[in-house]
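The values are calculated or read from the model by the stated rules, or taken from the named source; none is laboratory data. None of the values given here were measured: they were computed from a predicted structure. Using ideal geometry, Cβ is built from the backbone for each residue, glycine included, and neighbour counts are taken over all protein chains shown.
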Amino acid sequence: PYTIPHSINGSFAIRKGPWKLCLCPGSGGWSSPRPAKALKDKSLPPIQLFNLANDPAETTNLQAGHPDIVQDLVEDLHHAIQAGRSNSGAPRSNEGWPKTFPQAVLNLFPQLAGE
């Protein structure tokens, strides 16, 4: 099972087991780098992967070293988008989905654009 939280500014993440994939370049909230500044800073990676069991403070981005885990989490998120829900049951409508993710994330994972 997985959960799909989002930050105060609407930046999404997906968490499964010890892993948390943040689909934004910055903090997604009040801490630095704040969302508006982070989106303009092209030196920041567009996604962040953390192992919360080893790094509960989310200080070390592991996305470059774990592309398989990133892909697995993205596929889970894509499934939730398509199903309109993250739990079991009949598919639900998912209206209003476009423009949820920053363009840099959609460039990496076009399947998250929804349809």
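In this structure, is ASP41 acidic (Asp, Glu) and closer than 17 Å to PHE12 by Cα? Steps first, please.
Numbers: acidic (Asp, Glu): yes; closer than 17 Å to PHE12 by Cα: no.
Against the criterion (acidic (Asp, Glu) and closer than 17 Å to PHE12 by Cα), ASP41 does not qualify.
Considering PRO25, PRO46, PRO33, PRO91, which residue is surrounded by 14 or more Cβ atoms within 10 Å (Cβ to Cβ), more than 16 Å from ILE4 (Cα to Cα) and over 16 Å from the mean Cα position of the chain (by Cα)? Before you say what the answer is, go through the steps one by one.
Details: PRO25 fails: over 16 Å from the mean Cα position of the chain (by Cα); PRO46 fails: over 16 Å from the mean Cα position of the chain (by Cα); PRO91 fails: surrounded by 14 or more Cβ atoms within 10 Å (Cβ to Cβ).
Unique residue meeting the criteria: PRO33.
Taking the criterion of being touching a His at 6+ places or on another chain (Cβ under 7 Å) and of a type in the set (A, V, I, L, M, F, W, C), would at least one residue in segment 33-40 satisfy it?
There is no residue in segment 33-40 that is touching a His at 6+ places or on another chain (Cβ under 7 Å) and of a type in the set (A, V, I, L, M, F, W, C).
When you scan segment 65-78, do you find a residue that is surrounded by fewer than 10 Cβ atoms within 10 Å (Cβ to Cβ) and under 16 Å from the mean Cα position of the chain (by Cα), even just one?
Yes - at least one qualifying residue is present in segment 65-78.
Confirm whether ALA53 is at pLDDT 90 or above, over 18 Å from THR3 (Cα atoms) and more than 15 Å from the chain's Cα centre (by Cα). Walk me through it before giving the result.
Numbers: at pLDDT 90 or above: yes; over 18 Å from THR3 (Cα atoms): no; more than 15 Å from the chain's Cα centre (by Cα): yes.
Judged against the criteria, ALA53 is not a match.
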